[in-house]
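Engineer: One structure coming up, written as structure tokens, with questions to follow.
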Amino acid sequence: MPSHDVLIIGAGLAGQRAALAAAQAGASVAIISKVHPVRSHSVAAAGGINAAVSVDDDWRSHAYDTVKGSDFLGDQDAIEVMCSEAPKEVLHLEHIGVTFHRNDSGQLDLRAFGGASVKRTAYVADITGQAILHVLYEQLMKHHETVDRYEEWFVTSLIKDETGACVGVVARDIRTGRMETFTAKSTILASGGAGQAFKPTTNGLICTGDGIAQAYEIGAPLMDMEMIQYHPTTLVENGFLITEGARGEGAHLLNGDGERFMEKYAPNKMELASRDVVSRAEQTEINEGRGAGPNKEGIYLDITVVPKKRTLEALREIVNIGKDFAGVDITEEPILIRPGQHYIMGGVKTDVDGQAPGIPGLYAAGEVACVSVHGGNRLGANSLLDTLIFGRRAGEHAAARALHTAMPKVDDTKLREDEQRIKDIISRPKDGRRISEIKDELGTTMNQYVAVYREEEGLQKAHEVVRRLKEEAKTAYVDDQGTVFNQDVLGAIELDYMLECSEAIVVAAIERKESRGAQFRVDYPDRNDEEWQKHIDISRNGDDVPHVSYSPVTITQWQPEERKY
Ligand SMILES: Cc1cc2nc3c(=O)[nH]c(=O)nc-3n(C[C@H](O)[C@H](O)[C@H](O)COP(=O)(O)OP(=O)(O)OC[C@H]3O[C@@H](n4cnc5c(N)ncnc54)[C@H](O)[C@@H]3O)c2cc1C
């Protein structure tokens, strides 16, 4: 039975940063990932990472922009931690080898991003996530004696002991089908977001909300789950992302009449208002018949206004995406986009050291977690920052906890349960629905009713569908009955995770009877600070039903005010 001081689930930026910090603090570490580490979704991050590194900037300005971006739902103590520690973190990345773009005077170059009052986004062309992820992977090699990697292992459950502490996980070696119990003094969830519960989404196929559902299952509260980010520029055909970096470099948004319609919605920031505002503006134009394209269901993103040389240098990936996935040369003509699911602001509730309340030994960091630094709406380029700052802090804290904690003794009860669960899935008769069919219906339903605009009736409908799909998933069958690389059976487990996340999302969206950030309720169109300046927490009390409670928003220096861009 492998045992480690610190066990990390997920090898994206949050997981690898946590591993580096824990290893540097002297802990024995293991990272488990269901894919090879550099295939984690972090590799797709394009536009950049925010930090107030310029001489004309100040971390307080970054913090204020983040608070305003969050529509005053973010916890200001956590936002202060993130923004004040950002410059040091980005410089640290430079020093360990991330080749950030530099300007003509040799300083870090910064690009404009949505909701930011100054240029504050450091970048490596439009492959920033890939650049950072590869450098962290290299750096971890130095610690090969104390960091074990379990690549292509799939975690099926977290384990709690009789005192209520998290003491490890059960995982399956995808190559062989062998199951194993891992024990740990501290366990860090860094298993990413849940975008695949929506269709389409910008998220990779592996973003199925596993960690959110696993923590929920053992009683950890989830927070801000209703806050789902729709990114303003995703391809109409398939939901692929066109980075906000495009608008940062100066690209325009045009409706079907050729108007730069953002003038009406955000006269100061125009295309660079925060994402919720831009997505809503686009959706309004489309809904009111001013969409672009053959079916008027899109908006034109015009990148031809950016000098071609700059596009080819700083936005080269999206030049390829435009050609390969929409047949459009973005240096020559506008490309058709629309708002698409991109990010979940909510997740496993944690403090600023990544600890989940009420479950000693359990930590979460990155997109799986909700600290909450993003509140109702995340600013572009603040997620990479979130993964690194809170990944590092969780790694450090988890390592420190391990110093004064004895290695837990764990029996194989959970292992046997999970082995049985997998046997049961494999032996289901073929008279149920297909996994892919259920997943498809889930994604389409979420995208129809839990998107940019929401209202009671649609949300109730979505809840009904999710509950029915949860029942249908119990008898959904898999084709592959083998043990070697049986992705089919893992797909069935991931479907359960997505359904759990979706139910929490829908219940929270029904609960919040106001409009704030990404949650726009057509039936409650105003923000209502008096009643709703609070987080919605969703937890399970040992049954299959989501329970709602509230927690206060921490305000340090910025009182809620009207939000205008
Ligand atoms: C296309 C795209 C572009 C983006 N661009 C930007 C940007 O420019 N700037 C920005 O700030 N943000 C951006 N984001 C958001 C940001 O990239 C993500 O929020 C962030 O990278 C998430 O990192 P993470 O470490 O939390 O998780 P991920 O990188 O998603 O990693 C999750 C890890 O968990 C593992 N895992 C999951 N479940 C299991 C399981 N059951 N068992 C074992 N392992 C498991 C996976 O294998 C993976 O290693 C973008 C997102 C997308 C989708």
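The values are calculated or read from the model by the stated rules, or taken from the named source; none is laboratory data. Since we're looking at a predicted model, the values are computed, not measured. All Cβ positions, even for glycine, are placed from backbone atoms using ideal geometry, and neighbour counts span all protein chains on display.
Engineer: In the list Gly74, Gly69, Gly115, Gly47, which residue meets the criterion of being closer than 20 Å to Thr556 by Cα, within 14 Å of the ligand (Cβ to nearest atom) and in the same structural domain as Trp153 (by TED's automatic domain parsing)?
Structural biologist: Gly69
Engineer: Here is a further query. Take region 55-66 and flag every residue that is among the hydrophobic types (A, V, I, L, M, F, W, C) and either outside the structural domain of Asn103 (by TED's automatic domain parsing) or part of a loop (DSSP other than H, G, I, E, B) (or both).
Structural biologist: Val55
Engineer: Among Thr233, Thr331, which is the only one that is hydroxyl-bearing (Ser, Thr, Tyr), within 16 Å of the ligand (Cβ to nearest atom) and either in a strand (DSSP E or B) or more than 30 Å from Gln533 (Cα to Cα) (or both)?
Structural biologist: Thr233
Engineer: Further question: Looking at Gly482, Gly391, which is the one that is within 16 Å of the ligand (Cβ to nearest atom), touching a Gly at 6+ places or on another chain (Cβ under 8 Å) and among the small types (Gly, Ala, Ser)?
Structural biologist: After applying the criteria, what remains is Gly391.
Engineer: Identify, please: which residue in region 10-36 is in a helix (DSSP H, G or I) and near the ligand (Cβ under 6 Å from one of its atoms) and is, among those, nearest to Arg172 (Cα to Cα)?
Structural biologist: Selected residue: Gly15.
Engineer: Further question: Residues being more than 15 Å from Gly74 (Cβ to Cβ) and buried (at least 20 other Cβ atoms within 10 Å of the Cβ): count how many of those fall in region 521-538.
Structural biologist: Count: 3.
Engineer: What residue, of Ala165, Ala125, Ala171, is of a type outside the set (Val, Ile, Thr) and in contact with a Phe, Trp or Tyr (Cβ under 6 Å, 6 or more places away or on another chain)?
Structural biologist: Going through Ala165, Ala125, Ala171 in turn, the sole match is Ala171.
Engineer: Met270 fails exactly one of the following numbered conditions: (1) away from the ligand (no atom under 16 Å from the Cβ); (2) within 18 Å of Pro334 (Cα to Cα); (3) of a type outside the set (Lys, Arg); (4) crowded, with 24+ Cβ neighbours inside 10 Å. What is the number of that condition?
Structural biologist: Among (1) away from the ligand (no atom under 16 Å from the Cβ); (2) within 18 Å of Pro334 (Cα to Cα); (3) of a type outside the set (Lys, Arg); (4) crowded, with 24+ Cβ neighbours inside 10 Å, Met270 violates only (4).
Engineer: Considering region 199-216 alone, what residues qualify as being more than 14 Å from Glu367 (Cβ to Cβ) and either within 9 Å of the ligand (Cβ to nearest atom) or among the β-branched types (Val, Ile, Thr) (or both)?
Structural biologist: Residue satisfying the conditions is Gln214 alone.
Engineer: Count, please, the residues in region 147-171 that happen to be within 12 Å of Lys34 (Cβ to Cβ) and outside any strand (DSSP E or B).
Structural biologist: 1
Engineer: Right, next: When residues of region 437-449 are filtered for being touching a residue at least 40 places away in the same chain (Cβ under 8 Å) and out of contact with any Leu (no Cβ under 7 Å at 6 or more places or on another chain), how many remain?
Structural biologist: Count: 5.
Engineer: For Ile286, all conditions in the list (1) surrounded by 21 or more Cβ atoms within 10 Å (Cβ to Cβ); (2) closer than 26 Å to Ala44 by Cα; (3) hydrophobic (A, V, I, L, M, F, W, C) hold save one; what is the number of the exception?
Structural biologist: Just one mismatch for Ile286, condition (2).
Engineer: Do we have Ala52 as assigned by TED's automatic domain parsing to the domain that holds Arg111, hydrophobic (A, V, I, L, M, F, W, C) and in a loop (DSSP other than H, G, I, E, B) here?
Structural biologist: Taking the combined requirement at face value, the residue satisfies it.
Engineer: Then there's this: Run Val506 past the list (1) closer than 14 Å to Leu222 by Cα; (2) touching a strand residue (DSSP E or B) at 6+ places or on another chain (Cβ under 8 Å); (3) of a type in the set (A, V, I, L, M, F, W, C) and report the number of the one that doesn't hold.
Structural biologist: (2)
Engineer: Does region 334-362 hold any residues that are over 29 Å from Met446 (Cα atoms) and not in a loop (DSSP other than H, G, I, E, B), and which are they?
Structural biologist: Residues satisfying the conditions are Gln355, Leu362.
Engineer: Can you name the number of the only condition in (1) of a type outside the set (Gly, Ala, Ser); (2) out of contact with any Pro (no Cβ under 8 Å at 6 or more places or on another chain); (3) not in a helix (DSSP H, G or I) that Ile318 fails?
Structural biologist: All conditions are met except number (3).
Engineer: Also, I was wondering about something else. Please name all residue pairs, on different chains or six or more residues apart, with Cβ atoms under 6 Å, provided the first residue is in region 538-559 and is within 20 Å of Ala509 (Cβ to Cβ) and the second residue is among the polar types (S, T, N, Q) and surrounded by 12 or more Cβ atoms within 10 Å (Cβ to Cβ).
Structural biologist: His547/Ser539; Val553/Gln533
Engineer: Here are some residues: Lys439, Lys430. Which one is more than 12 Å from the ligand (Cβ to nearest atom) and surrounded by fewer than 22 Cβ atoms within 10 Å (Cβ to Cβ)?
Structural biologist: Lys430
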